[in-house]
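Worksheet: one structure, shown below.
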Amino acid sequence: MLAPDTRAAHPRRTLLLTGLPLLVAGLALAGWAFTTEVVVTIVRMLLLAAGVLAAIAGLGKVAHAVCGRAVDVVLWLGIGWLTFILGAAILAPWLPLGNHDDAVAGLTAPIFAQPGDGYLLGTNNYGLDVFSRAIHGARTSILVALLAVLIGTTVGGLVGMVSGFVRGTTDRLVGIVSNSLLAVPPLILLIALGTVLDPSVRSIAFALSLLTIPSMVRLARANTITVAEREFVLAARALGASRMRLLRREILPNVVLPVLSLAVVMISVLIVAEASLSFLGIGIQPPQPTWGNMIAEGQGGVMEEHPYIVVVPSVCLFLTVFSFNLLGEKAQARWDTRSAKL
Amino acid sequence: MLRRLLISTLELVAVLFLVSLGVFLLLSLVPGDPAVALLGEGRTPQEYEAMREQLGLNQPLLSRYGDWLGGVLTGDLGTSLVPPQTEVLDRILSALPVSLELAVLGLVMALVIALPLAMWSAYHQGGRADRVISAATFGLLSMPSFLLGIVLIAVLVNALGIFPRNEWVRLGDGIGGNLQHAFLPALTIALMEAAMFTRILRNDLVTTLNEDYILAARARGMSPLRIMVSDALRPSSFSLVTILGLSIGRLVGSTVIVEYLFALPGMGKLVIDAANQGNYPVVQGAVLVIALIYVASNRLIDGSYGYLDPRTRRARA
């Protein structure tokens, strides 16, 4: 991911001299594009993107000069964003945030207030604070995804391990059941489940975990089969270790890392799935905010009038998914050589 | 070989059976009374009772499943609970072509975008173009399809006014109008897939380009384009085909979302509307049909490896 250019070694001074102006100019351009009214929206967006990219490139050079070696700044920016959004999501109830879901109290607040007019990122059609909703939305979205990954990894990982270890009929049955789960495209399965389940955090998390189980089973099973053939397992078996002990002490430690790497990738997949479901109106219902239903508020001409209603949750969603993808790719490249190629 | 085929067919039937059972049981748990949903509020208890009798809701679950499955096998998927109370099968048959067109168009566009990008990227491996393409495709992959669709609408429709955003024109009513309206939704689907395809194909191409026979071709003075297209592309495309199979599931998902976003009358819109209305016969039928198409196309792709890569033929036989 934007792998640092290592072809030529630059002296530190050159790096600082090119990096710092680039960083400052990029930030200035982005800031100007964000606030100016001179040019049309589409040009502003392009200038903003160009400014941000220039600033990141500049930051990379500065970091290279300061640390003395090439630094993957994008990865660190991603980690920084995740720290910020996770921290804000956890602390949301104790932060001095505006009204995020009380439509009655919103009656007295201005609707569609522009960002800046007393509200950091403006208000929506019920007079609810968009910034506060974005943070509380992070809380819901990430909570749902983490819960689902937790259930999926535990159940899928265990079933896959056992099935790959004992093989035979159990393995075949597990295969057929997980193939049946895979036989329905993920989003269709979610919509079908959405018809039945009440749209609460708990049931959405349960529905999403069903998506992760089959791939977890496959990964855990494949890794178990490879590990179970290794000599140290044979040695442990020859020493008279019970099957439980073999599974727990010999197999589990070797299967857990690739499974956890997949779990990181899964988090971003599930955040997207939850957002899609809420966007379609089947997931968590407003006024409880999630990024998906916040983006859906822009439908029907609202987006054209008040772009920030859609832009704020979209940027949050994109940055979060992007950062988790980045982390997941690094984790897989390191601990799961089997699927790193993807 | 025949034995293998038989076993895999049996497994396929078992999987489809489980899917149908799952779909049926799941949607029998729908809260609320279908008879009330169908007749509306304020009728006499006798009328509701008669409707329940007519729908067969008073029978035990298992015999209802048997009836439903029997109907499915003879092509009768039941009747929609919400007006217009048409046959579910008719609804599906009128929605399916829209989705199939979008998916096929999206897939073709994705390949048209991905092949040159991957070749360009692999040829200039490690260079500026390669890094920019790698970053751009990685960014695209972090974009949920509905977000991508919204961005495309905001830029191409609202800001630049290149594309119209109005009613869907059926393929039968004029191919020009149909393509004009299908282009943007298909592009939304295509960009997601293209990002994935480009990354996969680029990595395989880089490996292939390091082979000796490519060096030999280069030494003989063949042009880079010729080497790429006639020597490197075919041996590098196996991962792409595997991914093609896996991407069908994602393709169905993004088609659903794109149809909702652009208000196109396809399978996705059918399922989502039915799910929101609690119209369970439609959801049951549509999910079953989608699963059938999905599983069948995956089997087809599994079977095609033998034709593409002779090495797997021997290993499997």
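The values are calculated or read from the model by the stated rules, or taken from the named source; none is laboratory data. Quick caveat, the model's predicted, so the values are computed rather than measured. Here Cβ is always computed from backbone atoms with ideal geometry, including for glycine, and neighbour counts include all displayed protein chains.
Before moving on, here are some points about what is shown:
- For A:L262, the stated conditions hold: it is buried (at least 24 other Cβ atoms within 10 Å of the Cβ) and farther than 30 Å from B:A274 by Cβ.
- Qualifying residue in the range A:290-300 (condition: surrounded by fewer than 16 Cβ atoms within 10 Å (Cβ to Cβ), within 14 Å of chain B (Cβ to nearest Cβ) and not hydrophobic (A, V, I, L, M, F, W, C)): yes
- Hey, A:M266 part of a helix (DSSP H, G or I) and either at pLDDT below 85 or on the phi > 0 side of the Ramachandran plot (or both) or not: no
- The conditions of being more than 14 Å from chain A (Cβ to nearest Cβ), surrounded by 12 or more Cβ atoms within 10 Å (Cβ to Cβ) and modelled with pLDDT of 75 or more are not met by B:L6.
- Exactly one residue among B:S94, B:S134 is hydroxyl-bearing (S, T, Y), over 21 Å from B:A274 (Cβ atoms) and at pLDDT 85 or above, and that residue is B:S134.
- For the range A:312-327, the criterion of a residue being outside any loop (DSSP other than H, G, I, E, B), away from chain B (no Cβ under 11 Å), surrounded by fewer than 22 Cβ atoms within 10 Å (Cβ to Cβ) and modelled with pLDDT under 85 is satisfied by no position.
- Candidate set: the range B:140-160, residues that are more than 7 Å from every other protein chain (Cβ to nearest Cβ) and touching a residue at least 12 places away in the same chain (Cβ under 8 Å); chosen: the one nearest to A:A273 (Cα to Cα): B:S145
- Looking across the range B:111-161, the residues that are among the small types (G, A, S) and under 21 Å from the mean Cα position of the chain (by Cα) come down to B:A114, B:S142, B:S145, B:G149.
- Only a single criterion out of (1) under 22 Å from B:I153 (Cβ atoms); (2) free of Cβ contacts under 8 Å to residues at least 60 places away in the same chain is not satisfied by B:I257, namely (2).
- Selection of the range A:138-185 for residues being touching a residue at least 60 places away in the same chain (Cβ under 8 Å), within 14 Å of another protein chain (Cβ to nearest Cβ) and of a type outside the set (S, T, N, Q) yields only A:A145.
- From the list A:S314, A:S261, the one residue that fits, being in contact with a Lys or Arg (Cβ under 9 Å, 6 or more places away or on another chain) and of a type in the set (S, T, Y), is A:S261.
- The listed residues are B:V15, B:V30, and the only one of them that is at pLDDT below 70 and within 11 Å of another protein chain (Cβ to nearest Cβ) turns out to be B:V30.
- All told, B:S230 falls short of being within 11 Å of chain A (Cβ to nearest Cβ), in a helix (DSSP H, G or I) and either surrounded by fewer than 15 Cβ atoms within 10 Å (Cβ to Cβ) or in contact with a Ser or Thr (Cβ under 6 Å, 6 or more places away or on another chain) (or both).
- Test: B:A291 is over 23 Å from B:I7 (Cβ atoms), within 8 Å of chain A (Cβ to nearest Cβ) and at pLDDT 75 or above: no
Conditions (1) at pLDDT 75 or above; (2) under 26 Å from A:S323 (Cα atoms); (3) within 12 Å of chain B (Cβ to nearest Cβ), marked per residue:
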site: A:A9; (1), (2), (3): no, no, no
site: A:T14; (1), (2), (3): yes, no, no
site: A:V24; (1), (2), (3): yes, yes, no
site: A:A50; (1), (2), (3): yes, yes, no
site: A:L59; (1), (2), (3): yes, yes, no
site: A:A63; (1), (2), (3): yes, yes, no
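- Subset tally (residues that are within 9 Å of chain A (Cβ to nearest Cβ), touching a Phe, Trp or Tyr at 6+ places or on another chain (Cβ under 9 Å) and under 17 Å from B:L81 (Cα atoms)) for the range B:242-277: 2
- Some residue of the range B:164-184 being at pLDDT below 75, assigned by TED's automatic domain parsing to the domain that holds B:M109 and touching a Leu at 6+ places or on another chain (Cβ under 7 Å): yes
- Checklist (1) within 13 Å of chain B (Cβ to nearest Cβ); (2) farther than 30 Å from B:S99 by Cβ applied to A:R202, failing item: (1)
- Every pair of residues 6+ apart whose Cβ atoms lie under 7 Å, when the first sits in the range B:266-293 and is assigned by TED's automatic domain parsing to the domain that holds B:L100 while the second is modelled with pLDDT of 85 or more and not in a helix (DSSP H, G or I): B:I272/A:L280
- Against the conditions (1) closer than 20 Å to A:P253 by Cα; (2) touching a Gly at 6+ places or on another chain (Cβ under 8 Å); (3) away from every other protein chain (no Cβ under 14 Å), A:L234 satisfies every one except (2).
- Selection count where residues are on the phi < 0 side of the Ramachandran plot and within 9 Å of chain B (Cβ to nearest Cβ), scope the range A:271-289: 8
Table: residues versus (1) of a type in the set (K, R); (2) surrounded by fewer than 21 Cβ atoms within 10 Å (Cβ to Cβ); (3) closer than 29 Å to A:C316 by Cβ.
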position: A:R133; (1), (2), (3): yes, no, yes
position: A:I151; (1), (2), (3): no, yes, yes
position: A:V159; (1), (2), (3): no, yes, no
position: A:R172; (1), (2), (3): yes, yes, no
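- Test: residue in the range A:242-249 that is assigned to a helix (DSSP H, G or I) and closer than 23 Å to B:V287 by Cβ: no
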